[in-house]
Amino acid sequence: MGKTQQFSAFIKKEFRHIFRDRRSMLILLGMPIIQIILFGFAITTEVKNAQVAVFDPSNDIATQRIIHRLHASEYFHIAYYPNHPEDINQLFQEGKIQLAILFNDHFDQRLKHTGDASVQLLADATDPNQASIMVGYASNILAAFQQEWMQECRIPLQIIPEIRMLYNPQMKGAYNFVPGVMGLILMLICAMMTSIAIVREKETGTMEVLLASPIKPGYVIFSKVIPYFSLSVVNLITILLLSVFVLGVPVSGSLFWLVIVSFLFITVALSLGILISTIVRTQVAAMLISGMALMMPVMLLSGMIFPVENMPLILQGLSHIVPAKWFILAVKKLMIEGLALRFVLKEFAILALMALLLITVSLKKFKVRLS
Amino acid sequence: MIQVRQISKNYKNVQALKELSFEVQAGEIFGIIGPDGAGKTSLFRILATLLLADSGSARVANLDVVQDYKKIRSRIGYMPGRFSLYQDLSVIENLELFATVFNTSVKENYDLIKDIYCQIEPFKDRKAGKLSGGMKQKLALSCALIHKPTVLFLDEPTTGVDPVSRKEFWDMLRKLKQQGITILVSTPYMDEASLCDRIALIQNGQFLHIDSPQNMVKQFPKPLYAMETIENYKWLNTLKNDARIASVYICGEKLHLTFKADPALHLPDLVPVAPTIEDCFIHLMQYN
């Protein structure tokens, strides 16, 4: 009877605990799928089929071509052609349109002769994100048209300020959410589930029996880590497959380093879970602490939903100690921006340091006796 | 086999154990008898190396419970008061897990647990959580015995177990004693006390008395009488205030009485009875 046999017996036991609790299993494996789909499709800031009104007094070849382009894009649906600019106000108030495009008269002629034609873009800014995205799309279309027109006519035209969006030219919502959801789910499964699994042994009294036996407490703890590590890897694969094939978010950078940084983050989250389990006594407390102390910062401070740059300085400082922030940064760089490893060395170093610190602290805090 | 000297343990405001001292000989069944909250579990946890005493020292199997806790842990079997096995694992899975924990196998020590385990073996694929109270205890005992411990700590093993299973359980302890295993067992049931070789009565973290159950009963100082009435409580209240009566209390369905001078009262159906451990306990409680 060797130590490895003891260890593998415990790992087997942990897997049994997980597989026999069907409901939790379903949540564990189903959660990433649901979250990815929710964040990817339902809760999206992406603009699709926005209702648009166009006021076109000139009705010439230039405006027709622009309208045609707007029509062709999947973002806009031109629903109204009001005869008076005043009608647009009413359409906005009734909520029938989100964007209005107003050309001035003799658009084509002005463009050709003075090189200075103006277009007004009005957006419903009750949802500022949505509005800026719509304006961005429309400006892009105008800019593209202008480019084309200039080449055809070889006349210098007034340049409409060009808006260029790096990495995410179409401002796809999913691009921002995928790293966030990865951080959230991995943190949740690793930290919450490990802490609950360890605390459950305390609560049901099995820890008492194990402590009174010659088994090394470290074995008990690490045997819990392995099943949750493998579950997290399954989830990681699910998320990556879903985001590539369902959401159409490509892995532009190195897949290898993306996986490595994910493993590093999983390690941080697992050690956080162990740390929590050494502090609390009940499963409910473990869940609340992981929920409040881990979930909320991941959601709010990691830059997943709200940009950290716009936060007060105190919160910005706080966000530095949220592991998910660094993970999300690294994933964004590796997966979406497709940057090389040397650009994420800082994130790697911080995550590694956090893992080391957390493991040391939780090993120090682990008790060989009750209370 | 077990030596305890001046052990004290305090929780925030409660003194759970007050300078307890006792010794248990090898191969003895030693019972710790007392009500809930008397400090039994704290004492067991200290001896099982799970808690540190505030003062005093204790040795188990000639090893110090603080310094040599690792060695002790491989030599003792410990069964906590609450059922503490994995409810979602089957009977055989639990047993095999604990065999592995102690670096042994079910096969190796099957002889030791055979008598107990054969009763639950028909249900070996059932989840431990779905067993009856008596069967749970048999499984827990099997798991505590799987590594052939020299000392067995059983903290209230029969609480919440039906009378038939309780009797069976004590029969098993007798057999284990024959195998030379020292057993420290606690119980709130006074009737189980007489099944131990020696007992310690514990109340509020203090031992009232340590002796064999037979001696303890013999030392009961006064003749004891029992009275059977329909209205026990009414009689209890009347007799409590009677100056001629030393003590009166309800024991089972009867009133038990002792008198200051021999039966000076004419009470209906008064019969002399032999004192039990419960009578001793109540007497000692009042005396202290």
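Every read-out reported here was derived from the displayed coordinates using simple, explicitly stated rules and does not represent laboratory data. This is a predicted model, so every value here is computed, not measured. Here Cβ is always computed from backbone atoms with ideal geometry, including for glycine, and neighbour counts include all displayed protein chains.
Across chain B, the longest run free of exposed loop sites, meaning GluC sites (Glu not before Pro) lying outside DSSP classes H, G, I, E and B with no more than 11 other Cβ atoms within 10 Å, spans B:1-230.
Rounded to the nearest 0.05, what FRET efficiency do A:SER24 and B:SER57 have when you use their Cβ-Cβ distance and R0 = 51 Å?
Values: r = 45 Å, r/R0 = 0.88.
For R0 = 51 Å, the calculated efficiency reads 0.70.
In summary, the aspartates and glutamates within cross-link reach of A:LYS346, defined as a Cα separation below 19 angstrom excluding same-chain residues under 8 places away, comprise A:GLU309, A:GLU337. For chain A, a simple Cβ point-charge model (Lys and Arg +1, Asp and Glu -1, everything else neutral) yields a dipole of about 2780 debye relative to the Cα centre. In terms of distances greater than 32 angstrom between alpha carbons, the cross-link table entries B:LYS18/B:LYS222; B:LYS127/B:LYS254; A:LYS3/A:LYS333; A:LYS13/A:LYS365; B:LYS9/B:LYS260 yield B:LYS127/B:LYS254; A:LYS3/A:LYS333; B:LYS9/B:LYS260.
Computed over the alpha-carbon atoms, the protein assembly as shown gives an Rg to Rh ratio of 1.23, Rh here being the Kirkwood radius from the mean inverse distance.
When the C-alpha to C-alpha distance is required to be over 29 Å, the pairs from A:LYS202/B:LYS71; A:LYS216/A:LYS325; B:LYS70/B:LYS124 that qualify are A:LYS216/A:LYS325; B:LYS70/B:LYS124.
Stretched out fully, how many nm does the piece from B:SER194 to B:ALA261 gain, at 0.36 nm a residue minus the Cα gap? Don't jump to the answer; show the numbers that get you there.
Numbers: separation 67, 0.36 × 67 = 24.12 nm, distance 2.91 nm.
Gain on stretching B:SER194 to B:ALA261: 21.2 nm.
Relative contact order for the range B:220-287 using alpha-carbon pairs under 8 Å, separation at least 6, rounded to a whole percent? Averaging sequence separation for qualifying contacts and normalising by length gives 40 percent for the range B:220-287. Of all the options B:ASP242, B:ASP68, B:ASP162, the one that moves most in a Gaussian network model of chain B with Cα springs shorter than 10 angstrom is B:ASP242.
Dipole magnitude of the range A:227-366 about its Cα centre, charges +1 at Lys/Arg Cβ and -1 at Asp/Glu Cβ only, in debye to the nearest 20? Numbers along the way, then the final one.
Details: 8 positive and 3 negative charges, 61 e Å.
Dipole about the Cα centre, nearest 20: 300 debye.
Which of the trypsin sites (Lys or Arg not before Pro) found in the range B:102-173 are in a DSSP loop and have at most 12 neighbouring Cβ atoms, other than their own, within 10 Å? The qualifying sites are B:LYS107.
For chain A, excluding the exposed loop sites themselves (trypsin sites (Lys or Arg not before Pro), DSSP loop, at most 14 other Cβ atoms within 10 Å), the longest remaining stretch covers A:165-280.
Given their separation in residues at 0.36 nm each and the Cα-Cα distance between them, A:LEU356 and A:ILE314 gain 12.6 nm when the chain is fully extended.
Here A:VAL251 and B:ARG82 are evaluated by their C-beta separation; at R0 = 56 Å the FRET efficiency comes out at 0.65. Return the single residue from B:ALA200, B:ALA140, B:ALA61 with maximal mean-square fluctuation; model: Gaussian network over chain B, springs between Cα atoms under 10 Å. Comparing B:ALA200, B:ALA140, B:ALA61 in a Gaussian network model of chain B, the most mobile one is B:ALA61.
Averaging the Cα positions of each part gives two centres, and for the range B:44-107 and the range A:242-303 these lie 35 Å apart. Under a model in which nothing but the beta-carbon of Lys, Arg (+1) and Asp, Glu (-1) is charged, the protein assembly as shown shows a dipole of about 2300 debye around its Cα centre. Excluding same-chain neighbours fewer than eight residues apart, the lysines reachable from B:LYS130 by a Cα-Cα span under 16 Å are B:LYS138. Based on C-alpha pairs under 8 angstrom that are at least 6 apart in sequence, the range B:2-215 has a relative contact order of 30 percent.
At a Förster distance of 56 Å, what's the computed FRET efficiency of A:PHE15 paired with A:SER118, Cβ-Cβ distance as r, to 0.05?
On the way: r = 67 Å, r/R0 = 1.21.
With R0 = 56 Å, the Cβ-Cβ based efficiency is 0.25.
Counting Lys and Arg as +1 and Asp and Glu as -1 over every other residue whose Cβ lies under 13 Å from the Cβ of A:GLN109, the net charge comes to -2. By the beta-carbon count within 10 Å of each Cβ, the least crowded to most crowded order of B:ASP279, B:ASP111, fewest first, is B:ASP111, B:ASP279.
For B:ALA16, the residues whose amide H sits under 5 Å from its own are B:LYS9, B:ASN10, B:TYR11, ignoring neighbours fewer than 5 places away on the same chain, with H placed 1.01 Å from N. By how many degrees, 0 to 90 and rounded to 10, does the Cα axis of helix B:277-287 deviate from the longest principal axis of chain B? The two axes meet at around 60 degrees. From the residues B:ALA200, B:THR182, B:THR258, which one has its Cα farthest along the dipole of chain B in the positive direction, the dipole being from +1 and -1 charges on Cβ of Lys/Arg and Asp/Glu about the Cα centre? So the residue we want is B:THR182. The residue list A:LEU184, B:ASN237, A:TRP257 was ranked by how far each Cα lies along the charge dipole of the protein assembly as shown toward its positive end, using unit charges on Cβ atoms, and B:ASN237 comes out on top.
Under the criterion of Cα pairs below 8 Å and six or more residues apart, the relative contact order for chain A equals 18 percent. Only one residue of A:PHE348, A:VAL298, A:VAL199 has its Cα farthest out toward the positive end of the dipole of chain A, where Lys and Arg carry +1 and Asp and Glu -1 on Cβ, and that residue is A:VAL199. Here is the size of chain B from its Cα atoms: Rg then Dmax, 21.3, 67 Å. For the pair B:LEU270 and A:HIS68, label points projected 7 Å from Cα toward Cβ lie 12.2 nm apart.
Can you show me the helix-derived [θ] at 222 nm for the protein assembly as shown, built from DSSP H runs with n ≥ 4 at -39,500 (n - 2.57) apiece and divided by the number of residues, rounded to the nearest 500. Before the final figure, lay out each step's value.
Working: 25 runs with 316 residues, N = 659.
That comes out to -15000 deg cm²/dmol.
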